[in-house]
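The values are calculated or read from the model by the stated rules, or taken from the named source; none is laboratory data. None of these values were measured; they are calculated from a predicted model. Positions of Cβ are generated from backbone atoms using ideal geometry, with glycine treated the same way; all protein chains shown enter the neighbour counts. For the accessible areas, the whole protein counts, side chains as well, though only heavy atoms, and no ligand, DNA or RNA atoms are used. Shrake-Rupley method; radii C 1.70, N 1.55, O 1.52, S 1.80 Å.
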Amino acid sequence: MSNLEFNNNNAINWAWKVNANDVSSNNTQIKSALMDLTKPVYVANTPNGLGVVNTTAAQGEADVLAFAQKLNPEDLGDDAYKKQHGVKYAYHGGAMANGIASVELVVALGKAGFLCSFGAAGLVPDAVEDAIKRIQAELPNGPYAVNLIHAPAEEALERGAVERFLKLGVKTVEASAYLGLTEHIVWYRLAGLSKNSDGSVHIGNKVIAKVSRTEVGRRFMEPAPQKLIDKLLAQGKVTQEQAELSKLVPMADDITAEADSGGHTDNRPFLTLLPTIIALRDEVQAQYNFSPALRVGAGGGIGTPEAALAAFNMGAAYIVLGSVNQACVEAGASEYTRKLLADVEMADVTMAPAADMFEMGVKLQVVKRGSMFAMRAKKLYELYINYDSIEDIPADERLKIEKQIFRSNLDDVWAGTEAFFTERDPDMLARAQSSPKRKMALIFRWYLGLSSRWSNTGEKGREMDYQIWAGPSLGAFNSWVKGTYLEDYTRRYAVDVALHMLKGAAYLQRVNQLKLQGVTLTTALASYHSED
């Protein structure tokens, strides 16, 4: 096959001309012209055959047969998203708990014009406050966000996080794992409401809500429920004016349709989830006529430029990447973990019980390659379901988990758990001390909670217990970068990865424009790789 072929009986007569001598027809030159995203590309026929050029000429002798517009990475996505969050790109570095989405990751992406959420979930309020102060010192004018995770089993953590956010002036949170609205997320939202001089509502506290279910998405798309507003009014946490203004705005500014992601996920394919959430947004918007309208982004399953472009073409206002960033140099994961992540394939992930919602049976997506965490966590959940207390577990089973999983006597584990929750959540400890079943859950959560920290810190001797959150998008990314410099995990920098993702999407969009006009390109020309 030649570099370019043209076959379109219905081709548009552009009436544009180019100088035949300026037309490039070899692969290298064509690739270079397509890669120059700042200029349009014109396909023309000359005596020497088909080729491309980046400029037209009024007195040119060769007819333009097809055309692809200039398209920069910053042109992708919703302009309102970029304006409201003060960013250059419609790309969001998603939160990864326990500080995996680290201060360094947030700052690196923020300085380059990307929004990124600090992974506050699982950290005590003091640690979260310290991280926020460090981010604010580096990004005094933003952009940055902080994760606010729903914690039904540890309400004190969610409440404590909101208290610190309001105290420190955090202007954007990424709300995740919510099963429904809580007074804490409503408090954060309403506390930032005020009236502009023209009477419109000023939204001081922005919310990006990650959802995978329509019933949860609807709660964030609508105004705050009156029941929770009344509760906050009674506590004196919001003013009457803020309560009234809340009826004019949705609970979130942006909704991320979270598909098959790492960590908490419902494993939804974004090909079905994204249009469903967009349709729901349109329904709610038609009812309330919010100004500005809610935006819907896509996260989960995006690990290649092709997937990023698919999301944008399906109407996503922005894209969210998490699993891919976890393997980057700036991520708060150990070098052992980042090296392991760089070898993960799409089938190397599985579901396992979640520490924060263990009693509810909620699962999250983790890496199964090189780790026995998923299998061991499932074993603990089976024991929790089948027995009412630690004492009810048969002696041989107890001995087995003490030796293979905990590597400690369960009585000693409980002593450490008591000390931990005395500081973290005394109410949780009090409930467990009066309920053998809850006590068993907290003991088992000891392992589930520490396993992710072992991965982050690179705990020696515990490698087979590392809990590493990732979705199949990481495997897709690793396949895409195979044979390029990004295959080396020590060379994966978050900004570089993000720009390649967006540049690749823009490049492929230009290729698609040419294809729709009858242009056929070689495989090398029709694809984008980081080495390009």
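Is the stretch 212-221 home to any residue that is in contact with a helix residue (DSSP H, G or I) (Cβ under 6 Å, 6 or more places away or on another chain) and closer than 25 Å to GLY110 by Cβ?
Taking every residue of the stretch 212-221 in turn, none turns out to be in contact with a helix residue (DSSP H, G or I) (Cβ under 6 Å, 6 or more places away or on another chain) and closer than 25 Å to GLY110 by Cβ.
Just name the residue that is surrounded by the most Cβ atoms within 10 Å (Cβ to Cβ) out of those in the stretch 389-435 that are assigned to a helix (DSSP H, G or I) and polar (S, T, N, Q).
THR417
So, SER117, is that one of a type in the set (Ser, Thr, Tyr), more than 22 Å from ALA311 (Cβ to Cβ) and surrounded by 19 or more Cβ atoms within 10 Å (Cβ to Cβ) or not?
Judged against the criteria, SER117 is not a match.
Scanning for something modelled with pLDDT under 95, surrounded by 24 or more Cβ atoms within 10 Å (Cβ to Cβ) and under 14 Å from the mean Cα position of the chain (by Cα), does the stretch 275-298 turn up at least one residue?
no
Answer with yes or no whether THR304 is surrounded by 20 or more Cβ atoms within 10 Å (Cβ to Cβ), over 17 Å from the mean Cα position of the chain (by Cα) and among the β-branched types (Val, Ile, Thr).
Against the criterion (surrounded by 20 or more Cβ atoms within 10 Å (Cβ to Cβ), over 17 Å from the mean Cα position of the chain (by Cα) and among the β-branched types (Val, Ile, Thr)), THR304 does not qualify.
Count, please, the residues in the stretch 492-529 that happen to be more than 21 Å from the chain's Cα centre (by Cα) and not aromatic (Phe, Trp, Tyr).
Residues meeting the conditions: 21.
Which number in (1) within 24 Å of TYR89 (Cα to Cα); (2) in contact (Cβ under 8 Å) with a residue 40 or more places away in the chain; (3) assigned to a helix (DSSP H, G or I) marks the one condition that ILE278 misses?
Going through (1) within 24 Å of TYR89 (Cα to Cα); (2) in contact (Cβ under 8 Å) with a residue 40 or more places away in the chain; (3) assigned to a helix (DSSP H, G or I) one by one, ILE278 breaks only (2).
If you take the residues in the stretch 356-368 that are within 22 Å of the chain's Cα centre (by Cα) and open to solvent by 20 Å² or more (accessible area, probe 1.4 Å), which one is modelled with the lowest pLDDT?
Applying the filter and picking the extreme gives ASP356.
Restricting attention to the stretch 210-228, which residues are crowded, with 23+ Cβ neighbours inside 10 Å, within 14 Å of LEU190 (Cα to Cα) and touching a Phe, Trp or Tyr at 6+ places or on another chain (Cβ under 9 Å)?
Answer for the stretch 210-228, where residues must be crowded, with 23+ Cβ neighbours inside 10 Å, within 14 Å of LEU190 (Cα to Cα) and touching a Phe, Trp or Tyr at 6+ places or on another chain (Cβ under 9 Å): just PHE220.
Among (1) under 20 Å from the mean Cα position of the chain (by Cα); (2) open to solvent by 30 Å² or more (accessible area, probe 1.4 Å), which single condition is LEU166 missing?
For LEU166, the exception is condition (1).
On the given criteria, is SER473 within 30 Å of ALA354 (Cβ to Cβ), part of a helix (DSSP H, G or I) and in contact with a helix residue (DSSP H, G or I) (Cβ under 6 Å, 6 or more places away or on another chain)?
yes
Do we find a residue being in a helix (DSSP H, G or I), more than 21 Å from GLY94 (Cβ to Cβ) and touching a residue at least 12 places away in the same chain (Cβ under 8 Å) anywhere in the stretch 492-505?
no
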